[in-house]
Amino acid sequence: MTNVAVIGSQWGDEGKGKIVDWLSEKADIVVRFQGGHNAGHTLVIDGTKYKLSLLPSGIIRAGKMSVIGHGVVIDPAALINEISTRKGQGVAISPDNLMISYSAPIILPVHQRVDVAREAQRGAGKIGTTGRGIGPAYEDKVARRGLRMGDLLDMDALAEKTAALLAHHNIWLKAAGEDELTVEEITAPLQEMRDQLIPYLGEVWALLDDYRRDGRRILFEGAQGVMLDIDHGTYPFVTSSNTLPGQAAAGAGIGPGSVGYVLGITKAYTTRVGSGPFPTEDFGEDGVTLGERGHEFGTVTGRKRRCGWFDAVMVRQAGKIAGIHGMALTKLDVLDGFDVLKICTGYTLDGKVIDRFPASSAEQARVEPVYEEIEGWSQSTMGARSWADLPSQAVKYIKRLEELTGIPVATVSTSPEREDTILVRDPFEG
Ligand code: IMP
């Protein structure tokens, strides 16, 4: 038995929530290690929908421990709101099943204000962030002026740190014609919320060390995807954290050897929210059909997702960068009924064929996809639970994706319901 890290191998929204929930049944502890409430997972269990943003997906299952590591940026108001909404749905949440790292950076209202104001300034060149303050909060962490969850234990020291933090941000806000913030505006809400949060704070590294030594199973739950990684993604149109499995170790506080099997959640086609290059984006009818059938609207912001064909070059590259051992292929059923499916097998850049996604953002914007066409299938794959339930063309499509990406398929998901999954290889078996 091994631990498992679940990451997105495209631009996020690959359907990680369902797979993490499915795996969490076997895990003893589920750990978030990066991102924040820019992420949105929808789980459907016995017909009930649960929307999760900051809480690890394990929280829905009784008897599982859930952890928010220090690599996650936390908006305290959003977290309290999410806890209370889930409790309203009958989910038990207490310090017995949720621990939050003392060292997790806090997202403050100033971060959200800066995020939104900067996007407005960028105009047409905007990144298309979720407007949650994620980027500015990570910047403050790296600049060593951020507040951390553990700071809630000492409000006098927190007020001093807030004054230093605002001294920095107010200069820019004023120059940008935005309202400045006072220390009181930051500290008063934190004062009100701290009693609800402090009981959850703990030393995540020590808890994980206990689980590791006891041989209990750890599931690391990534957010976003490899192509949104701050270093390896389509910079600058990326999120502000590392979305790779290496971050599972760094953002939780455990050795890299404990990360285990890396499962890359991979949609059977491609979507992206926000701006930035997307070589296989389909602007025609097929793109519209994929969006409609796949219900491609953001869980967090409700924005319409851009849709297009499977990009095997990008997924192959993501597989190498992230060390993906196996793919969990999702939303195969959305492709039902297409006469012809396209798969991107290479790009042309200024007339030359290339087999990788270039690092330069100018070149990323110029690449054109080279497509291979494959016959579709008319039968429904929705709800299939074994290879035998799939039309032969669907099996051919999956096999071709494996060949082109070099990544074996571990599971295939054929509907939002957790049981509608074809298991090829159990990630916990390594
Ligand atoms: P930020 O993470 O809010 O700074 O947004 C930066 C970029 O990442 C934007 O293109 C967002 O649309 C994208 N993004 C952030 N979180 C997610 C996610 O969970 N799924 C898909 N895209 C995301």
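Only the coordinates and a few stated rules stand behind these numbers; no lab work does. Everything numeric in this text was worked out from a predicted model, so none of it was measured. All Cβ positions, even for glycine, are placed from backbone atoms using ideal geometry, and neighbour counts span all protein chains on display.
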Open item on the list: Relative contact order of the chain, please, whole-number percent, based on alpha carbon pairs below 8 angstrom and at least 6 residues apart.
Closed with: 20
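Dividing the convex hull volume of the Cα atoms of the range 270-408 by its residue count, what figure in Å³ per residue is obtained?
Details: hull volume 17.5 nm³, N = 139.
In the range 270-408, the Cα convex hull volume per residue is 126 Å³.
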Task: Spatial separation of Cα centroids for the range 227-263 and the range 316-359, in angstrom - done: 20
- [ ] Find the eigenvalues of the gyration tensor of the Cα atoms of the range 160-289, then list the square roots of 5 times those eigenvalues as equivalent ellipsoid semi-axes, largest first, in whole angstrom.
- [x] 33, 30, 14
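Which of the helices in the chain, when you take each full DSSP H run, stretch at least 24 Å along the axis at their Cα atoms and have an average Kyte-Doolittle score of 0.0 or higher?
Numbers: long enough: 155-175 (29 Å, 0.29).
Sorted by number, the helices that extend far enough and score high enough are 155-175.
Taking the Cα centre of the range 323-430 as the origin, how large is its charge dipole in debye, to the nearest 20, when only Lys and Arg (+1) and Asp and Glu (-1) carry charge on their Cβ atoms? Before the final figure, lay out each step's value.
Details: 11 positive and 18 negative charges, 44 e Å.
Here the size comes out at about 220 debye.
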Task: For the chain, built as a Gaussian network whose Cα springs stay under 10 Å, the top-fluctuating residue of Gly40, Gly351, Gly319 - done: Gly351
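State whether the range 1-137 is rounded, prolate or oblate according to the following rule on the C-alpha gyration tensor (a ≥ b ≥ c being the square roots of its eigenvalues): a/c under 1.5 gives rounded; otherwise a/b larger than b/c gives prolate, and the remaining case gives oblate.
It is prolate, given that a/c is not under 1.5 and a/b is the larger ratio.
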Task: Farthest positive-ward along the chain dipole, Cα basis, beta-carbon charges - from Pro408, Ile127, Ala143 - done: Pro408
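Kirkwood hydrodynamic radius, the range 1-45, all distinct C-alpha pairs: what's the number in Å?
Across the range 1-45, the inverse of the average 1/r is 11.7 Å.
List the pairs from Lys26/Lys51; Lys16/Lys352; Lys64/Lys267; Lys87/Lys161; Lys126/Lys399; Lys141/Lys331 whose alpha-carbon separation is above 29 Å, in the order I gave them. List each step's numbers first, then the result.
Details: Lys26/Lys51 21 Å; Lys16/Lys352 35 Å; Lys64/Lys267 27 Å; Lys87/Lys161 33 Å; Lys126/Lys399 38 Å; Lys141/Lys331 36 Å.
In this structure, Lys16/Lys352; Lys87/Lys161; Lys126/Lys399; Lys141/Lys331 exceed 29 Å between Cα atoms.
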Task: In nm, spacing of pseudo-spin labels at Glu368 and Gln196 (7 Å Cα→C-beta vector) - done: 5.5
TODO: Can you bin the range 255-321 into rounded, prolate or oblate? Criterion: square roots of the alpha carbon gyration tensor eigenvalues sorted a ≥ b ≥ c, rounded for a/c under 1.5, prolate for a/b above b/c, oblate for the rest.
DONE: prolate
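So what is the orientation-averaged projected area of the chain, using the convex hull of its C-alpha atoms, in nm²? Numbers along the way, then the final one.
Details: hull surface 80.7 nm².
It is 20.2 nm².
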Open item on the list: Please list, ordered by chain and number, the residues whose modelled amide H lies under 5 Å from the amide H of Gly274; skip anything fewer than 5 residues away on the same chain.
Closed with: Arg306
Open item on the list: Below 20 Å, Cα to Cα, which aspartates and glutamates can Lys396 reach? Residues fewer than 8 away in the same chain don't count.
Closed with: Asp311, Asp333, Asp336, Asp339, Glu372, Glu373, Glu375, Asp420
Open item on the list: If each DSSP helix of 4+ residues adds -39,500 (n - 2.57) and the sum is divided by the residues in the chain, what number results at 222 nm, nearest 500 deg cm²/dmol?
Closed with: -9500 deg cm²/dmol
